[in-house]
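Undergrad: Sending over a structure as structure tokens; questions will come in a sec.
The values are calculated or read from the model by the stated rules, or taken from the named source; none is laboratory data. Here the structure is a predicted model, which is why all the values come from computation and not from measurement. Using ideal geometry, Cβ is built from the backbone for each residue, glycine included, and neighbour counts are taken over all protein chains shown.
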2 protein chains.
Amino acid sequence: MDTITVNLGDRSYPIFIGSGLLDGSDILKESTPAEQLLLVTNETISPLYLERVEAAFADRKPRSLILPDGEQYKTLEGFGRIIDELIEARFHRDACILALGGGVIGDLAGFAAASYQRGIDFVQLPTTLLAQVDSSVGGKTAVNHPQAKNMIGAFHQPIAVLADTNTLATLPPRELAAGLAEVIKYGLIQDLDFFCWLEEQLPALLGQDPEALRYAIRRCCEIKAEIVAQDEHEHGRRALLNFGHTFGHAIEALGGYGKWLHGEAVAIGMQMAADTSAALGLIDSADAERIGVLLEQAGLPTSASELAGDNILNRMRLDKKAGSHGMRVILLDRLGSAAVRPAPDDQVLRSAIGRHVTAGQ
Amino acid sequence: MDTITVNLGDRSYPIFIGSGLLDGSDILKESTPAEQLLLVTNETISPLYLERVEAAFADRKPRSLILPDGEQYKTLEGFGRIIDELIEARFHRDACILALGGGVIGDLAGFAAASYQRGIDFVQLPTTLLAQVDSSVGGKTAVNHPQAKNMIGAFHQPIAVLADTNTLATLPPRELAAGLAEVIKYGLIQDLDFFCWLEEQLPALLGQDPEALRYAIRRCCEIKAEIVAQDEHEHGRRALLNFGHTFGHAIEALGGYGKWLHGEAVAIGMQMAADTSAALGLIDSADAERIGVLLEQAGLPTSASELAGDNILNRMRLDKKAGSHGMRVILLDRLGSAAVRPAPDDQVLRSAIGRHVTAGQ
């Protein structure tokens, strides 16, 4: 088992990565001292893992709430259902929520924990690759607005993250690939060696090799923990973690949440950001192509053929990364290094987007 | 004009107290550097003060949102309306909300500011006595759940508070009295001299004497700023500010928000807490009576005649001040000093409550 610490003073917390952590491990039992526990999960995950987590906490009689599965349920209404459950249970300020599932469950349960009685504890039990490498770490919680993703939320750190790598065995291949998009992101923005390792080890990762997966998850969590410790509230460097996301959020929203998985939209967005970087001469076009090859080998899309480029650009202006001083995008300086930059001319963006869409809509 | 600072490190902010602050003062204009401004107010306040605040920021073309007036609108739905407005305006992370109104507007707009894009700036422009002495200071924001008050919210400090004492001239007498309940609270929990001053100066305060009002507001803000600086997130001493509120919140909820003003419910609650303190021998019953006299002279209720005592007690168990280790209440040690204590036996509470209700419902 690997342990990584997110260093945030009195809000520091551990990330545990290993196999079987949900199977009644001491680490699970000791992850929270709270007497009042609410397990939040979804309809897909509950038949697989809910019972064993409930069993681990049986002496504390945890309550469970099972939500529908999907990004389209990451709404203020879904948030309200968790709050209703906490109220119904008459839970106090020292209660704890356990978020058992992927990024949607973590974001919803985390925002409910941030807001119930102005903040209670929560523990992340991520069951998807994407959640284990990215969304469960760092304290970003949110729900979507019909107009744009993650517009309503809070920075609220969990008190522990337990990534049980065994859960990846039940992950559909499409979801595994979506997680690999975020894994590749870490290589691109921060660690060329890791990017090269991914090029080599992709077959092992796609084949669910436990050692390869464990190493990839650890490396991603190390990078994320370091960045979050430096810039918890995203006033600076943390924005680099949004590489590909400004494009990707627009693609997700235009598809209607549910069409693209978050990681798939991010893959398309990273390709668009790489092409923009190449168009500006920041990286070689050969590097942009190399990125596309890895994404496609991972089983990820690199184009959104049915979305019109202008729609994507309009949506991007709504994204949180935009500021009063104009839209900003995260571009690559080279493979393994990214920077936040003012958005280039619309023609440059339209061209980079246009290479990966057809303007039919 | 008085200026008080709430010392919270890099989140410190000033409270300005004076007459005419909303009339295009430099202090108002300079309260926020944001280019994108949303003024949130209600139907009662907007005809009185909105135009002058809009005029002060005319060069930045502020947007305004006018909500219905009343505690019954302090809901997740009202919160959603502010978020919708921010999205509609395509406001960025460096936008600022100005909350122009009483405690309901401040709580709603503050929670929206806390949650929009995981947190933007806001400025409090309190127009009621209650908001000027209490709710606009200290960063507690929240909306109500149908089952209990302030259950969904955040700690999110404003960047400035401007209390224009001229706004109190248009305050209905019932609202002025409701504010005096919180004013009296500060004397009771922390400052016997101030309590005695209030006994003397009550006629001047009820007569809207500007100097008396300014002094009372300043003293309350000083006490609150000191307590909040010591214990921002209410792990300890800040809980004393909830004196009377555990009873009061139950009374408000049972009345259906809208029947009792918050300050009125707090007045009844403070009387019940004082009687509980007397029943336990912590204070003399003469002191409890002295409190009742002041509350009644201020035009405040000290009994909720149509609510059954057992209902109040059941509701209190839902209150945020309850913890896994049992309900706690804030009681007086003497006039001018309060402490958090485990709730006494139900009979003691029932008796103290019962003196101020009839069990008809």
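Undergrad: Can you name the residue in segment A:47-80 that is in contact with a Phe, Trp or Tyr (Cβ under 9 Å, 6 or more places away or on another chain) and of a type in the set (D, E, K, R) and, of all such residues, is farthest from A:THR128 (Cα to Cα)?
TA: Step by step, filter segment A:47-80, then rank; the result is A:ARG63.
Each row is one residue, and each column tells you yes or no for (1) within 12 Å of chain B (Cβ to nearest Cβ); (2) part of a strand (DSSP E or B).
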residue: A:ASP84; (1), (2): yes, no
residue: A:HIS92; (1), (2): yes, no
residue: A:ILE97; (1), (2): no, yes
residue: A:LEU100; (1), (2): no, yes
residue: A:VAL104; (1), (2): no, no
residue: A:ALA109; (1), (2): no, no
residue: A:ALA112; (1), (2): yes, no
residue: A:ARG118; (1), (2): yes, no
residue: A:VAL133; (1), (2): no, no
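Undergrad: Turning to a different aspect of this structure: Name the residue that is surrounded by the fewest Cβ atoms within 10 Å (Cβ to Cβ), counting only residues in segment A:136-148 that are polar (S, T, N, Q) and within 14 Å of chain B (Cβ to nearest Cβ).
TA: Our first condition is that a residue be polar (S, T, N, Q); within segment A:136-148, this holds for A:136, A:141, A:144, A:147.
Applying the additional criterion that residues be within 14 Å of chain B (Cβ to nearest Cβ) yields A:141, A:144, A:147.
Numbers: A:THR141: 29, A:ASN144: 25, A:GLN147: 14.
Selected residue: A:GLN147.
Undergrad: I'm trying to understand the selection: among the residues of segment A:149-164, which are more than 14 Å from the chain's Cα centre (by Cα) and more than 14 Å from every other protein chain (Cβ to nearest Cβ)?
TA: Those that are more than 14 Å from the chain's Cα centre (by Cα) and more than 14 Å from every other protein chain (Cβ to nearest Cβ): A:PRO158, A:ILE159, A:ALA160, A:LEU162, A:ASP164.
Undergrad: Something else: Output the residues belonging to segment A:250-275 that are modelled with pLDDT of 90 or more and either closer than 16 Å to A:ASP134 by Cα or of a type in the set (Asp, Glu) (or both).
TA: Passing the criteria: A:LEU261, A:HIS262, A:GLY263, A:GLU264, A:ALA265, A:VAL266, A:ALA267, A:MET270, A:ASP275.
Undergrad: Given the criterion buried (at least 24 other Cβ atoms within 10 Å of the Cβ) and either out of contact with any strand residue (DSSP E or B) (no Cβ under 7 Å at 6 or more places or on another chain) or within 14 Å of another protein chain (Cβ to nearest Cβ) (or both), identify the matching residue among B:GLU264, B:GLU232.
TA: B:GLU264 is the lone residue from the list that is buried (at least 24 other Cβ atoms within 10 Å of the Cβ) and either out of contact with any strand residue (DSSP E or B) (no Cβ under 7 Å at 6 or more places or on another chain) or within 14 Å of another protein chain (Cβ to nearest Cβ) (or both).
Undergrad: OK, next. Which ones in segment B:120-131 are part of a strand (DSSP E or B) and buried (at least 24 other Cβ atoms within 10 Å of the Cβ)?
TA: If the condition is that a residue be part of a strand (DSSP E or B) and buried (at least 24 other Cβ atoms within 10 Å of the Cβ), then B:PHE122, B:VAL123, B:GLN124, B:LEU125, B:PRO126 are the ones that fit.
Undergrad: Here is a list: A:PRO203, A:PRO158. Which entry is assigned to a helix (DSSP H, G or I) and of a type outside the set (A, V, I, L, M)? Give the derivation first.
TA: Numbers: A:PRO158 fails: assigned to a helix (DSSP H, G or I).
The match here is A:PRO203.
Undergrad: Checking the condition crowded, with 16+ Cβ neighbours inside 10 Å, hydrophobic (A, V, I, L, M, F, W, C) and not assigned by TED's automatic domain parsing to the domain that holds B:ALA288, which residue from B:LEU202, B:LEU198, B:LEU176 passes? Working first, answer last.
TA: Details: B:LEU202 fails: not assigned by TED's automatic domain parsing to the domain that holds B:ALA288; B:LEU198 fails: not assigned by TED's automatic domain parsing to the domain that holds B:ALA288.
The unique qualifying residue is B:LEU176.
Undergrad: Sticking with this one: Conditions first: (1) surrounded by fewer than 21 Cβ atoms within 10 Å (Cβ to Cβ); (2) modelled with pLDDT of 95 or more; (3) part of a loop (DSSP other than H, G, I, E, B); (4) in contact with a Leu (Cβ under 9 Å, 6 or more places away or on another chain). B:ALA278 passes all but one, so which condition is the exception?
TA: (3)
Undergrad: For segment A:293-308, state whether one or more residues are surrounded by 19 or more Cβ atoms within 10 Å (Cβ to Cβ), within 29 Å of B:GLU88 (Cβ to Cβ), under 25 Å from the mean Cα position of the chain (by Cα) and not assigned by TED's automatic domain parsing to the domain that holds A:ASN144.
TA: Yes, because at least one residue in segment A:293-308 is surrounded by 19 or more Cβ atoms within 10 Å (Cβ to Cβ), within 29 Å of B:GLU88 (Cβ to Cβ), under 25 Å from the mean Cα position of the chain (by Cα) and not assigned by TED's automatic domain parsing to the domain that holds A:ASN144.
Undergrad: Any residue that is over 26 Å from A:TRP197 (Cα atoms) and either outside any strand (DSSP E or B) or touching a helix residue (DSSP H, G or I) at 6+ places or on another chain (Cβ under 7 Å) (or both) - is there at least one of those in segment A:285-298?
TA: Narrowing segment A:285-298 to residues over 26 Å from A:TRP197 (Cα atoms): none.
No, the conditions are met nowhere in segment A:285-298.
Undergrad: List pairs: first residue in segment B:275-301 and under 16 Å from B:LEU331 (Cβ atoms), second residue in a helix (DSSP H, G or I) and among the β-branched types (Val, Ile, Thr) anywhere in the structure, Cβ distance under 8 angstrom, at least six positions apart or on different chains.
TA: Correct list of pairs: B:THR276/B:VAL348; B:ALA279/B:VAL348; B:LEU280/B:VAL348; B:ILE291/B:ILE184.
Undergrad: I'm checking my understanding of the structure. Among residues of segment B:15-34 that are surrounded by fewer than 17 Cβ atoms within 10 Å (Cβ to Cβ) and more than 12 Å from B:ASP164 (Cβ to Cβ), which one is nearest to the other protein chains (Cβ to nearest Cβ)?
TA: Once the filter is applied, the top-ranked residue is B:PRO33.
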